[in-house]
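**Q** Okay, here's the structure, questions in a sec.
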Amino acid sequence: MAAACAGMEAAAAAVPAPSPPPSAAAAPGSAELVCAEGRNLKAVLCQRCGSRVLLPGAATFTRRELLLPAMRKKAAAAAGGGSGDVVREHWLVRDMFSFENVGFTRDVGNVKFLVCADCEAGPIGWHCLDDKDSFYVALERVAHE
């Protein structure tokens with residue numbers, strides 16, 4: 001990964017992707033979201049408006065420590081800075097066309113944040129422009145059905 005994206009990652013080194021499906025030691029609730037192959041069993045939805053972000057089976061579970069800005073509207077998220085959260089469990093999407101409904105902020109350095117395309121809540125995820133095939137959606141920032 002290029003140095004431009006390294007600043008967006010948390011201090012801990014990234015765990016190689018894809019990770020095996022979560023065990024009982026994983027965050028509460030994540031085990032029932034992942035099938036034996038490590039893919040999402042349920043649809044991924046926006047927490048705020050319920051818009052469908054991913055269909056079942058469209059993403060792979062992975063663990064990687066990333067620092068995401070606090071949840072807010074797209075314009076504020078694009079400005080960067082401010083407080084944030086270290087997020088560890090993600091859905092990894094390899095093709096941007098796998099998304100049902102997602103928007104992207106303007107570039108923040110060498111990163112685009114993922115937001116709900118309907119209500120613009122986010123960021124729900126992260127994409128480094130140096131890696132065209134990796135889109136991370138934070139499990140704790142989305143709902144599942």
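The values are calculated or read from the model by the stated rules, or taken from the named source; none is laboratory data. The shown structure was predicted, so the numbers you read here are calculated from the model rather than taken from an experiment. All Cβ positions, glycine included, derive from the backbone under ideal geometry; neighbour counts span all protein chains shown. Surface areas here come from the heavy atoms of the whole protein model, side chains and all, with no ligands, DNA or RNA. Shrake-Rupley method; radii C 1.70, N 1.55, O 1.52, S 1.80 Å.
**Q** Could you please give the count of residues in region 123-139 that are over 13 Å from Leu67 (Cα atoms) and touching a strand residue (DSSP E or B) at 6+ places or on another chain (Cβ under 8 Å)?
**A** Final tally of qualifying residues: 4.
**Q** Is it the case that Glu145 is among the charged types (D, E, K, R), at pLDDT below 95 and either under 16 Å from Gln47 (Cα atoms) or surrounded by 14 or more Cβ atoms within 10 Å (Cβ to Cβ) (or both)?
**A** Answer is yes for this residue.
**Q** Which condition number does Pro69 fail, the rest of (1) open to solvent by 40 Å² or more (accessible area, probe 1.4 Å); (2) in contact with a strand residue (DSSP E or B) (Cβ under 9 Å, 6 or more places away or on another chain); (3) modelled with pLDDT under 95 being met?
**A** Only one criterion in (1) open to solvent by 40 Å² or more (accessible area, probe 1.4 Å); (2) in contact with a strand residue (DSSP E or B) (Cβ under 9 Å, 6 or more places away or on another chain); (3) modelled with pLDDT under 95 is unmet by Pro69, namely (1).
**Q** Then there's this: When region 23-61 is examined, which residues are found to be in a strand (DSSP E or B) and either within 16 Å of Ser98 (Cα to Cα) or modelled with pLDDT of 95 or more (or both)?
**A** Scanning region 23-61 gives Arg39, Asn40, Val44, Leu45, Cys46, Arg52, Val53, Leu54, Thr60, Phe61.
**Q** Of all residues being in contact with a strand residue (DSSP E or B) (Cβ under 6 Å, 6 or more places away or on another chain) and small (Gly, Ala, Ser) in region 97-120, which is least open to solvent (accessible area, probe 1.4 Å)? Just the residue, please.
**A** Taking the candidates together, the pick is Gly103.
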